[in-house]
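The values are calculated or read from the model by the stated rules, or taken from the named source; none is laboratory data. Keep in mind that what you see is a predicted model, and the values were worked out from it rather than measured. Cβ: placed from backbone, ideal geometry, glycine included. Neighbour counts: every protein chain shown. For accessibility, only protein heavy atoms count, side chains too; no ligands or nucleic acids. Shrake-Rupley method; radii C 1.70, N 1.55, O 1.52, S 1.80 Å.
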Amino acid sequence: MTPKNPPDPGTPEAPGTPEAPRTVDALTDVAGVRVGHATRIGGGWLTGTTVVLAPEGGAVAAVDVRGGGPGTKETDALDPRNLVQRVEAIVLTGGSAYGLDAASGVMAWLEERGRGVPVGPDPAHVVPVVPAACVFDLGRGGEFGARPDAATGRAAVEAAAASEPGSPVPQGCVGAGTGAVVGAMKGGVGSASVLLDSGITVAALVVANAVGSVVDPQTGVLYGELFQGRVEYPEERVHEAARLRLAESAAKSAPPPLNTTLVVVATDAELSKAQAQKLAGTAHDGIARAVRPVHLLHDGDTVFTLATGARPLTPDHPLALNDLLAAGADVVTRAITRAVRAATPVDGEGGTWPSYTELYGS
């Protein structure tokens, strides 16, 4: 499912000024950032890979891992104390640790275009640093051995590169969210963005695949929506029927408690690596608002950040960084609720996972 067509963004800003903000309410509202999915469904497949492609030249990147069972690649390179300052892409993938091979396909694609860390006198001598993280989806509707590989990663980065700047991001059971599950319910990919008073854009893309639940067991309301103002509570009979259906599905599916919520938070602000890492840390609050419990031993919750540097933090707005940090958490919460609402049910090998919309309606 994709968001509705965005409104006309209006007249672009004058040459030499930062690009006018876009309004698709997704990660691609950060100018220059693109998203591509490779989705494998059918014939024993229910998995995929999502690539977030930075503007050419890369973006300042950081990471914060809070889950007790992460599956990651190249996260040490993002430590503010270490050499690498900018990355060209981030990979989110299904397939558990096997699926991290998708990053190899993205590395090859970047190398062919001379995009990466220069390591020699020849401009073609680069090493693309491609941080990656995986979700556990093995056997959850597809065959255990059906996993993303380097070809899947290449397909996802090619889809990102071919997309129009500022285009809507497909959400739901696509890319790395194809086989995602939250509790006993279907998860998926979601995205959201916000334009701050300072003119800075902050946006998030998530893969919701958590051990914990996204639904208040007493009411059926999505936890994340309780932070977005007044909500409409499901009728009691609808909620009771949903609870029974979820219990039946959980008993039938009995999935192992191995999950992960993955997040990429992007901004057009000019941040140092240390500031980007702080943004990754506070963005975890957005997961905690939407998923309960969170950051468990069987989760691999990981948040990446990308800062393109198009807009400086202005000295006349001393709380601009605080506003940005708070916004990062807010867009993560909204993105998780969108992922759950956009998900579609699965009845396949290994079990049955209903979707929130199937259970509660829209």
Mean Cβ neighbour count within 10 Å, used as a protection proxy, ranking 194-200, 23-29 highest first: 23-29, 194-200
Which FRET efficiency value, to the nearest 0.05, do you get for residue 319 and residue 219 by plugging their Cβ-Cβ distance into 1/(1 + (r/R0)^6) with R0 = 30 Å? 0.30
Find which of 128, 188, 200 sits farthest along the positive direction of the dipole of the chain, computed with +1 on the beta-carbon of Lys and Arg, -1 on that of Asp and Glu, about the Cα centre. 188
Give me the log10 of I(q) over I(0) for the range 108-177 at q = 0.20 Å⁻¹, as the Debye formula computes it from C-alpha points; what are the numbers? -1.01
Please give the per residue accessible area of the chain, computed with a probe of 1.4 Å over protein heavy atoms only, in Å². 41 Å²
Please give the calculated 222 nm ellipticity per residue for the chain, where each DSSP H segment of at least 4 residues contributes -39500 (n - 2.57) and the sum is spread over every residue; nearest 500 deg cm²/dmol? -8000 deg cm²/dmol
Scaled to the compact-protein estimate 2.2 N^0.38 Å, what is the alpha-carbon radius of gyration of the chain, rounded to two decimal places? 0.94
May I ask you to order 238-249, 89-100, 141-152 by the average number of other C-beta atoms within 10 Å around their residues, highest value first? 89-100, 141-152, 238-249
Sorting check: for 210-217, 265-272, 31-38, 292-299, which peptide has the highest mean count of neighbouring beta carbons within 10 Å, and how do the rest follow? 265-272, 31-38, 210-217, 292-299
Semi-axes in Å, largest first, for the range 116-155 (Cα gyration tensor, √(5λ)) are 34, 10, 6
Percent antiparallel among DSSP beta bridges confined to the range 264-362, rounded to 5, stands at 40 percent
Whole-percent carbon and sulfur share, accessible surface of the range 97-254, 1.4 Å: 54 percent
Alpha carbon convex hull of the range 266-362, volume per residue in cubic angstrom: 141 Å³
From the protein chains alone at 1.4 Å, what is the descending order of accessible area for 278, 73, 273, largest first? 278, 73, 273
Can you pull the percent of Cα pairs in the range 136-284 with separation above 26 Å? 40 percent
Considering every Cα-Cα pair within the range 247-302, what fraction, in whole percent, is farther apart than 12 Å? 73 percent
Of the convex hull enclosing the alpha-carbon atoms of the range 92-148, the direction-averaged projected area in nm² is 4.0 nm²
So what's the Cα pair-distance distribution over the range 156-237, bin width 5 Å, in %? 3, 12, 15, 20, 19, 14, 11, 5, 2, 0
Please work out whether the range 206-287 counts as rounded, prolate or oblate from its C-alpha gyration tensor, where a ≥ b ≥ c are the square roots of the eigenvalues and a/c under 1.5 means rounded, while otherwise a/b larger than b/c means prolate and anything else oblate? oblate
